[in-house]
Amino acid sequence: SRIAPSGGPKDTRPPEVTRVYPANESTQFSGEQISFDFSEYIQIKDGGTGILISPPLAIPPLVSVVGKSVHIKFREKLAQNTTYTVLIGYSVSDLTEGNALKEYSLVFSTGTQLDSLSLRGTVVDAFTMKPLAGILVMLYPQWNDSLPAKTIPMKLARTDASGNYQITHVPEASYMVFSLDDKNHNFRFDLPEERIGFVDTLVNIRPGLEPTINLRLSE
């Protein structure tokens, strides 16, 4: 009997980044758009909420797909002498099978050098002590309990499936550290169903002192 060809094994590989603009770890960037080229045709899911820019922008950038490329166009001027990290992850997948991209980061600076310090740790549920995925961990360079409600953070990262996070390319300073279950993706604690956690003292980050900070998220 005649049967249709199988078409080969199912594609289970996520798309791969083949080129980025600007080049990773570039300095003195002054453009208005960054781009990611991929090994295959891709799509953006969830409105691009899996794309994370640190420091975050007050005006969300425009995200578009053209063939095998993702373009992120800024709608505000980037801060001077600042190191930016752009994380693209589960929002990007291939067009045919929906295989999601593993998290990929692009780092560039608008100044002459890159910040190099970091902060890492884990976020857990305060009641069950189970690790939490997809939680924002945010740095603010001054003390004020109302910061997450009124301003966007200076630096941030998102926890992985094991509840771990790492905020990279942080400038030397003392910071307030908050964790947030950001339901509306605006980097602010402004909804009653959002959960928050924080460290009640300033965290010093400097060469030779890059601490591990674990947080508990509660109602």
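With an 8 Å Cα cut-off and a minimum separation of 6 or more residues, compute the relative contact order for the chain in percent.
18 percent
What is the percent carbon and sulfur in the accessible area of the chain, measuring with a 1.4 Å probe over the protein chains and ignoring ligands?
Roughly 50 percent of what the probe reaches on the chain is carbon or sulfur.
Can you give the charge dipole size of the range 87-159 about its Cα centre, rounded to the nearest 20 debye, using +1 on the beta carbon of Lys and Arg and -1 on the beta carbon of Asp and Glu?
180 debye
If you average the C-alpha positions of the range 10-49 and of the range 162-219 separately, how far apart do those two centres end up, in angstrom?
What the calculation gives is 26 Å, centre to centre.
If you stretched the chain out fully between SER30 and ARG13, how much longer would it get, using 0.36 nm times the residue separation minus the C-alpha to C-alpha distance?
2.7 nm
Would you compute the Debye intensity of the range 34-142 from its alpha-carbon atoms alone, equal scatterers and no solvent, and pass along log10 I(q)/I(0) at q = 0.12, 0.19, 0.22 Å⁻¹ to two decimals?
-0.52, -1.11, -1.29
Only Cα pairs under 8 Å and at least 6 apart count here; give the relative contact order of the range 56-147 as a rounded whole percent.
Here the relative contact order equals 18 percent.
Counting only heavy atoms of the protein chains, get the accessible area per residue of the chain (1.4 Å probe) and round it to a whole Å² value.
54 Å²
Report, ordered by chain and residue number, the lysines lying within cross-link reach of LYS150, taken as a straight Cα distance under 27 Å and ignoring same-chain residues fewer than 8 apart.
Counting by Cα, and skipping residues close in sequence, LYS150 has these lysines nearby: LYS73, LYS77, LYS183.
Length gain on complete extension for the stretch SER105 to LYS183, per 0.36 nm per residue less the alpha carbon to alpha carbon distance?
25.8 nm
I'd like to know which of GLN142, SER109, THR168 lies farthest towards the positive end of the charge dipole of the range 88-177, counting +1 on Cβ of Lys and Arg and -1 on Cβ of Asp and Glu.
Working it through, the farthest residue towards the positive pole turns out to be GLN142.
Taking the convex hull of the Cα atoms, report for the chain its projected area averaged over all directions, in nm².
Averaged projected area of the chain's Cα convex hull equals 15.1 nm².
Using only the alpha carbons, work out the radius of gyration and Dmax of the range 171-214 in angstrom.
Here Rg and the maximum Cα pair distance are 13.0, 39 Å.
The values are calculated or read from the model by the stated rules, or taken from the named source; none is laboratory data. Fair warning: this is a prediction, and the values are worked out from it, not measured in the lab. Methodologically, a virtual Cβ is constructed for each residue, glycine included, from the backbone with ideal geometry; neighbour enumeration extends over all protein chains shown. Side chains included, ligands, DNA and RNA excluded: accessible areas come from the protein's heavy atoms. Shrake-Rupley method; radii C 1.70, N 1.55, O 1.52, S 1.80 Å.
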